[in-house]
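Right, one structure below, let's go through it.
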Amino acid sequence: MRLTRYFLPVLKETPSEAQIVSHRLMLRAGMIKQSSAGIYSWLPLGFKVLKNIENIVHEEQVRAGHIPLLMPTLQSADLWRESGRYDDYGEEMLRIQDRHGRDMLYGPTNEELITDIFRSHVSSYKDLPLTLYHIQWKFRDERRPRFGVMRGREFLMKDGYNFDLTKEDALHAYNRHLVSYLRTYERMGLQAIPMRADGGPIGGDYTHEFLVLAETGESEVFYDSAVTDLSFGDRDIDYDDVAQCQSVLEEFTTKYARTDETHDEALFNEVPEDRRKVARGIEVGQIFYFGTKYSDALGAKVQGPDGKPTAVHMGSHGVGVSRLLGAIIEASHDDKGIIWPEGVTPFHVGIVNLKQGDAEADAACESLYGQIEAMGLEALYDDRNERAGGKFATMDLIGLPLRITVGPRGLKNGVVELTSRRSGESEELTPDAALAKIAGIYAR
Ligand code: ATP
Ligand code: MG
């Protein structure tokens, strides 16, 4: 993309309404624009990162054997009356009437809809196990929408639902989700720690929230610092292997890590003192096994192996797709701007032409631009007629991991400069060597 043809409305001033750094940087980098409280338009740069995050979530869900579909944002109130949640959900639910006076709502979540799809089409245990998911906009009329996309009213969520014959099978689905989420967040350059959370009215031990440690996080968390040494890495996982998924769950959830809702001071005190940490975290996902709650309420039964109707065991599993942009920026920025992890960056490389209009510099930039695109990567070429300082400031703000700087002086010696946004280090390389280096970085 050539910057002169793009739409990147960066702001010079720091917007005063933004209280935390990720919100400020998203506004300044021209990624989002608020349309009303907690509701945002996604401008091209923000939209690109949102799509990248969404793609990673999709890829990892499909890898785990989960099946994508798409349910609507607007739902009929009838199903929610059946489950008993229409009245329980309270003021967070946006209620709407259509022209015929029928009660509708903008879905805050989809347990009812998915259970209805299931009961309409699945009747035998032979069709199980089944995990369906979608990535769709949700609406929750939050009391205090704030921090930009972090706590919006309209937000993008991946929500998945497993249907299993037995509790044991459903717990394997739970473990599969935990494993796939570990991979998902690491691909985004994030460490998200599974922490034991509150099962709410249903109770039980089967819910974990995934938290990204950050001072601006809304949750108070307590953990053994040894959990921060764990990483999933590049392991081979067979998602059908029950024992393997169970052992990953144990590896990542045995050490003490809890949100304040489930915090147990006595247990915490058993952790060696120098490893006991109290901090704040951003919830970027949650997994939940809830047994037959919805299948009982909505009559989702299958014929079991014994021929008898059996309520299916379910769980629901959410990833905060739009919140993740804020979480990633909270975890990865400096005083000049965003530093995108390679896995989610909106463009792979920025090209800065120090002397726009200089025939040699222009030609070198065009050539690099063409070759980067030919490598299957995306470049953002700053071809504006602007001072170098302004171009660097824009590149630093929008946080592309790599920048190539091209100027007449370097070209005389046959070199361009390749700069890492994260380390700030630059090297002078021939254009070919710079391209080879970029290819190597993104091949990883
Ligand atoms: P919270 O406790 O932060 O209100 P929640 O526990 O109600 O979230 P879930 O129902 O577990 O949320 O939804 C799954 C994920 O969706 C959460 O882990 C979070 O990342 C994201 N999410 C929830 N509410 C919002 C919101 N208002 N804005 C953006 N993302 C959200
Ligand atoms: Mg939650």
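The values are calculated or read from the model by the stated rules, or taken from the named source; none is laboratory data. This one's a predicted model, so the numbers in the text were calculated from it and none came from an experiment. All Cβ positions, glycine included, derive from the backbone under ideal geometry; neighbour counts span all protein chains shown. Keep in mind that these areas ignore ligands, DNA and RNA; they rest on the heavy atoms of the full protein, side chains included. Shrake-Rupley method; radii C 1.70, N 1.55, O 1.52, S 1.80 Å.
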Next on the checklist: Rounded to the nearest 20 debye, what is the charge dipole size of segment 81-221 about its Cα centre when +1 sits on each Lys and Arg Cβ and -1 on each Asp and Glu Cβ?
Outcome noted: 420
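Just to check, using Stokes-Einstein with a Kirkwood Rh over alpha carbon pairs, what's the diffusion coefficient of segment 1-158 at 25 °C and 0.890 mPa s in µm²/s? Spell out each step's value before the answer.
Numbers: Rh = 18.2 Å.
In µm²/s, the coefficient is 135.
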Checklist entry - Once amide H atoms are built 1.01 Å from N in the peptide plane, which residues 5 or more positions from Y256, or in another chain, come under 5 Å H to H? => result D224
Next on the checklist: Solvent-accessible area of I193, probe 1.4 Å, all protein chains present, reported in Å² to the nearest ten, please.
Outcome noted: 10
Next on the checklist: Below 29 Å, Cα to Cα, which lysines can K277 reach? Residues fewer than 8 away in the same chain don't count.
Outcome noted: K255
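Once the Cα gyration tensor of the chain is diagonalised, what are the square roots of 5 times its eigenvalues, in whole Å and ordered largest first, as equivalent ellipsoid semi-axes? It would help to have the intermediate numbers written out before the result.
Details: eigenvalues 378, 121, 96 Å².
Output for the chain: semi-axes of 43, 25, 22 Å.
Given the -39500 (n - 2.57) contribution per DSSP H run of 4+ residues, what per-residue ellipticity at 222 nm results for the chain, rounded to the nearest 500 deg cm²/dmol?
Numbers: 14 runs with 149 residues, N = 444.
After summing the helix terms and dividing by residue count, I get -10000 deg cm²/dmol.
I441 to Q97: FRET efficiency via 1/(1 + (r/R0)^6), r the Cβ-Cβ distance, R0 35 Å, to the nearest 0.05? Don't skip to the end; give the middle numbers.
Numbers: r = 54 Å, r/R0 = 1.54.
For R0 = 35 Å, the calculated efficiency reads 0.05.
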Item to check | the chain, accessible surface, carbon-and-sulfur percent (1.4 angstrom probe) | outcome: 47
Checklist outcome for this item: Heads up, segment 1-88 by the C-alpha gyration tensor (a ≥ b ≥ c square roots of eigenvalues; a/c under 1.5 rounded, else a/b over b/c prolate, else oblate) looks oblate
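Report, in listed order, any pair from K12/K355; K158/K336; K126/K301 with a Cα-Cα distance greater than 21 Å.
Numbers: K12/K355 23 Å; K158/K336 31 Å; K126/K301 12 Å.
Pairs exceeding the cut-off: K12/K355; K158/K336.
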Next on the checklist: Quick test of the membrane-span-like rule: which DSSP H helices of the chain reach at least 20 Å along their long axis (C-alpha atoms) with mean Kyte hydropathy at least -0.5?
Outcome noted: 44-63, 359-374
Next on the checklist: Rounded to the nearest 5, what % of DSSP beta bridges with both residues in the chain are antiparallel?
Outcome noted: 85
Checklist outcome for this item: In nanometres, the difference between 0.36 nm per residue of separation and the alpha-carbon distance of E261 and S120 is 47.1 nm
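For K293, K308, give me the order by solvent-accessible area with a 1.4 Å probe, most accessible first, ignoring ligands, DNA and RNA.
On the way: K293 90, K308 130 Å².
From most exposed to least exposed: K308, K293.
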Checklist entry - What does the accessible area per residue of segment 253-403 come to in Å², with a 1.4 Å probe and no ligands, DNA or RNA counted? => result 40
